[in-house]
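Bear in mind that the values in this text are calculations on the coordinates, not laboratory data. Keep in mind the model is a prediction, meaning the values are calculated, not measured. Positions of Cβ are backbone-derived with ideal geometry, glycine not excepted, and every protein chain shown enters the neighbour counts.
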């Protein structure tokens, strides 16, 4: 028995090598790598620096009272985990809530089929 590749597979490897070393292939693959890196870094910036203040202002506007949202602790493709958060007392309302973490998991399928998001974020260890 010999370990020599068949002439057919050797020709396929040579064609693949030629295709990979073509300038148009190199430019396309390089452009995709640069675009992917830019999207990743931009997403990280938005998730870790902009998400918490945005959610804080939107929830405050929606509830009509101040809300303190903690920093983003974990960011995944289909979810996010926010740190220590609270709903502080106000002059009008003595109710206060402190939460160790908020995890939001996003399922895009209902949005694609029904046109609306269904979010049910569990509050982890409310105090």
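Quick notes on this one:
- For the pair residue 48 and residue 111, a Förster radius of 22 Å applied to the C-beta separation gives a FRET efficiency near 0.40, rounded to the nearest 0.05.
- Calculated FRET value between residue 32 and residue 57, using beta carbons and R₀ = 35 Å, to 0.05: 0.50
- Segment 7-126 - percent relative contact order, Cα under 8 Å, separation 6 or more: 14
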